[in-house]
Amino acid sequence: MVISRRRLGLRSCLLALALGSIVWCPLIGLAQDAPEAGSSRVERKAVRTQKYMVAAANPIAAAVGSDILRRGGSAIDAAIAVQMTLGLVEPQSSGIGGGAFLVYYDAKTKKIRTFDGRETAPATAQPNRFLAQDGKPLKFEDAILGGKSVGVPGVVRMLEQVHKQYGKLRWSQLFQPAIQQATTGFAISPRLHTLLNQEKFLSRSEPARSYFYQPDGTPKPIGAKLVNQQYAEVLRQIATRGAGAFYKGKIAQDIVNTVKNASVPGDLTTTDLARYNSVERPPVCGMYRVYKVCSMGPPTSGGITVLQILGMLQKFNLASLKPDSVEAIHLFAEAGRFAYADRGLYIADSDFIKVPTKELINPKYIATRAALINPNRAFVGEAKPGNPLSTQAFNWGADNSVELPSTSHFSIVDSNGNAVSMTTSIETAFGSRLMVRGFLLNNQLTDFSFSPTTPDGKLIANRVQPRKRPRSSMAPTMVFDRNGKLVMVVGSAGGPLIINYVAKAIVGVLDWKLDAQQALSLPNFGNRNGATELEANTSIVNLKPQLEALGHTVTVREQTSGSQAIVITNQGLIGGVDPRREGKAVGN
């Protein structure tokens, strides 16, 4: 959605950024599919620790996670405490009313395990859910507002599942920091205030209006204290009774009532909540030069598409190119073009369709896609998906669904070398705008294709179906060296651009030998099988004419990534957080 705001002059903004000031910069070419809008950029230096680290999108949450690790908790313990705190202090991005994907590395067994806490559609959901009476797709804001967009939240159940296997501290202990913070209150941050000021719908209904806004309808100011006793009570019940307290009983009934009584009623039921289960999925892994990269598989497209981009790029000597060069951006954009073409056709919930995962990341197949990249010329027009099986077995229609996840990511390494990469979301900023018991409900079902078929009648793999999980772009990822040693934990927020953000960070560390912070601070760029996109207000905007000379159609737009990374070296841990948000890396 297009968001207006007061603008500073570009020259003044760039100067302030260079000096490390917190400023609100002008938007250039803001795309309509931007997820959370930008607020400020603060340049940072890498954080170095010896034993453990948490890199999260909010400093309060990062400090909570680090304290859990200091007290002997595991990476999973810290993840639970971080998520519960993020749901309070960063409510626009994630929370217990949403879902998540988690990649876990067990240092003792050297196993990589991946867990799916993605939301599911209600049992009564049908493929025409987001079609108007005339059969045309609803406008996006008409689809997200109200109960029809709300899927069964998955993050609480998933975190309980992994805690039973890898937790060290008691489940109930992990909720205490967030409970305490919710009870005593926290100060509204500049970013939360900015997003509240830009938000058009949240103030239209209670209890969100009274919680976030003043009587005159303006957001509560920066620094104002928010106390959330209702959220604290929900956390107390989950802490005491486990995830069942959320999925059954009064909390579940209140969620259902809120959905059914919304301005646009939904069909979520208490049975839908009671039946929800998180799922362990097989990781997707591939080689990038001498490194092994592992991520999350379907129903997210993130892992597969990151591996495809990296697989195509390893044909080229990126180390010899500068990160902000025309040549590097051209190659990166072309790899993204062909990877996103496959993503739009083949990837959806693997419980409902056969996703050709192994075939899509097969090095021989990726080599055929890489052969399409001309180092001296951009591909003209929209790239067609490849045919990984050389058959017509996957004759789906391409999905062009809008995807605007308001998302958060955190990376964790504990003192025993265990690690978590977790990306968590409620979809758009402030989700469905429905607030219940102090937390916001997701609008994740709008990640499905609004149309179940293409104009020529082909079924779309990512169409709405009962109990199905919508496709995502989230890509929590880990990188290992040739000896199997963990060297990087990374992931990002940012909607469908997450894939480009994660791939860029990995290339930055592995090829360009940047530290974690330098890699995340690089300007964002990429291609999603359309225009090549350059991040506004960065040095690479000047490369637009040169890229156009190579045949690229170029757009300049805000790219509010939310990447957090930890690089593991022989000298210790190096952490980086995205300068476009207000995160922090904390440890010892």
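The values are calculated or read from the model by the stated rules, or taken from the named source; none is laboratory data. The structure displayed is predicted, hence computed values, not measured ones. Neighbour counts run over all protein chains shown; Cβ positions are idealised from the backbone, glycine included. When the accessible area is computed, the model is the full protein with side chains, heavy atoms only, and any ligands, DNA or RNA have been set aside. Shrake-Rupley method; radii C 1.70, N 1.55, O 1.52, S 1.80 Å.
Take Ala475 and decide whether it is more than 19 Å from Phe140 (Cα to Cα), aliphatic (A, V, I, L, M), touching a helix residue (DSSP H, G or I) at 6+ places or on another chain (Cβ under 6 Å) and open to solvent by less than 20 Å² (accessible area, probe 1.4 Å). Explain how you work it out, then say what you get.
On the way: more than 19 Å from Phe140 (Cα to Cα): yes; aliphatic (A, V, I, L, M): yes; touching a helix residue (DSSP H, G or I) at 6+ places or on another chain (Cβ under 6 Å): yes; open to solvent by less than 20 Å² (accessible area, probe 1.4 Å): yes.
Yes; evaluated as a whole, the condition is true for this residue.
Just one of Gln181, Gln161 is touching a Gly at 6+ places or on another chain (Cβ under 9 Å) and open to solvent by 40 Å² or more (accessible area, probe 1.4 Å); which is it?
Result of the check over Gln181, Gln161: Gln161.
Could you grab the pairs with beta carbons closer than 7 Å, sequence gap of 6+ or different chains, first residue in segment 181-210 and free of Cβ contacts under 8 Å to residues at least 24 places away in the same chain, second one open to solvent by less than 50 Å² (accessible area, probe 1.4 Å) and assigned to a strand (DSSP E or B)?
Ser203/Tyr213
Among the residues of segment 536-588, what is the count of those that are touching a helix residue (DSSP H, G or I) at 6+ places or on another chain (Cβ under 8 Å) and among the β-branched types (Val, Ile, Thr)?
Looking only at that region, the number is 8.
Where residues in segment 270-301 are in a strand (DSSP E or B) and among the hydrophobic types (A, V, I, L, M, F, W, C), which of them is nearest to Pro470 (Cα to Cα)? Quick ask: steps written out before the conclusion?
From segment 270-301, those in a strand (DSSP E or B) are 279-281, 284-288, 291-295, 300; that's our starting set.
Adding the requirement that they be among the hydrophobic types (A, V, I, L, M, F, W, C) leaves 279, 284-285, 287, 293-294.
Numbers: Val279: 14, Val284: 18, Cys285: 22, Met287: 27, Val293: 24, Cys294: 21 Å.
The extreme case among them is Val279.
Quick one: is Gly344 closer than 18 Å to Val479 by Cβ, out of contact with any helix residue (DSSP H, G or I) (no Cβ under 6 Å at 6 or more places or on another chain), in contact (Cβ under 8 Å) with a residue 12 or more places away in the chain and among the small types (Gly, Ala, Ser)? Please lay out each step first, then the result.
On the way: closer than 18 Å to Val479 by Cβ: no; out of contact with any helix residue (DSSP H, G or I) (no Cβ under 6 Å at 6 or more places or on another chain): yes; in contact (Cβ under 8 Å) with a residue 12 or more places away in the chain: yes; among the small types (Gly, Ala, Ser): yes.
It is false that Gly344 is closer than 18 Å to Val479 by Cβ, out of contact with any helix residue (DSSP H, G or I) (no Cβ under 6 Å at 6 or more places or on another chain), in contact (Cβ under 8 Å) with a residue 12 or more places away in the chain and among the small types (Gly, Ala, Ser).
Could you run through segment 545-581 and say how many residues are of a type in the set (A, V, I, L, M, F, W, C) and under 23 Å from Leu514 (Cα atoms)? Spell out the reasoning first.
Residues of segment 545-581 of a type in the set (A, V, I, L, M, F, W, C): 547, 549-550, 554, 556, 565-568, 573-574, 577.
Keeping just the survivors that are under 23 Å from Leu514 (Cα atoms) gives 565-568, 573-574, 577.
Residues meeting the conditions: 7.
When residues of segment 31-51 are filtered for being farther than 23 Å from Val89 by Cα and at pLDDT 95 or above, how many remain?
Residues of segment 31-51 that are farther than 23 Å from Val89 by Cα, as a first pass: 31-33, 45-46, 48-51.
Subsequent filtering for residues that are at pLDDT 95 or above retains 46, 48-51.
Residues flagged as farther than 23 Å from Val89 by Cα and at pLDDT 95 or above within segment 31-51 amount to 5.
With respect to Asp106, is the statement that it is surrounded by fewer than 24 Cβ atoms within 10 Å (Cβ to Cβ) and closer than 21 Å to Val479 by Cβ true?
Details: surrounded by fewer than 24 Cβ atoms within 10 Å (Cβ to Cβ): yes; closer than 21 Å to Val479 by Cβ: yes.
Answer is yes for this residue.
Which of the residues spanning segment 206-216 are under 15 Å from Arg437 (Cβ atoms) and assigned to a loop (DSSP other than H, G, I, E, B)?
The answer is Glu206, Pro207.
Within segment 415-456, how many residues turn out to be assigned to a loop (DSSP other than H, G, I, E, B), over 30 Å from Pro219 (Cβ atoms) and touching a residue at least 60 places away in the same chain (Cβ under 8 Å)? Please lay out each step first, then the result.
Within segment 415-456, the subset assigned to a loop (DSSP other than H, G, I, E, B) is 415-418, 428-434, 437-438, 441-443, 448, 450-452, 454-456.
Filter once more, keeping what is over 30 Å from Pro219 (Cβ atoms): 415-418, 448, 450-452, 454-456.
Now drop any that are not touching a residue at least 60 places away in the same chain (Cβ under 8 Å), which leaves 415-418, 448, 450-452.
Residues that pass the stated criteria total 8.
Please determine, by comparing only the residues of segment 345-385 that are small (Gly, Ala, Ser) and open to solvent by less than 10 Å² (accessible area, probe 1.4 Å), which one is nearest to the chain's Cα centre (by Cα). Before the answer, list the steps.
Narrowing segment 345-385 to residues small (Gly, Ala, Ser): 348, 350, 367, 370-371, 378, 381, 383.
Of the ones still in play, those that are also open to solvent by less than 10 Å² (accessible area, probe 1.4 Å) are 348, 370, 378, 383.
Working: Ala348: 16, Ala370: 26, Ala378: 28, Ala383: 25 Å.
Per the stated criteria, the residue is Ala348.
Mind listing whichever residues of segment 480-495 are of a type outside the set (Asp, Glu) and either assigned to a loop (DSSP other than H, G, I, E, B) or surrounded by fewer than 24 Cβ atoms within 10 Å (Cβ to Cβ) (or both)? Before you say what the answer is, go through the steps one by one.
Within segment 480-495, the subset of a type outside the set (Asp, Glu) is 480, 482-495.
Those that are of a type outside the set (Asp, Glu) and either assigned to a loop (DSSP other than H, G, I, E, B) or surrounded by fewer than 24 Cβ atoms within 10 Å (Cβ to Cβ) (or both): Phe480, Arg482, Asn483, Gly484, Lys485, Leu486, Val487, Ser492, Ala493, Gly494.
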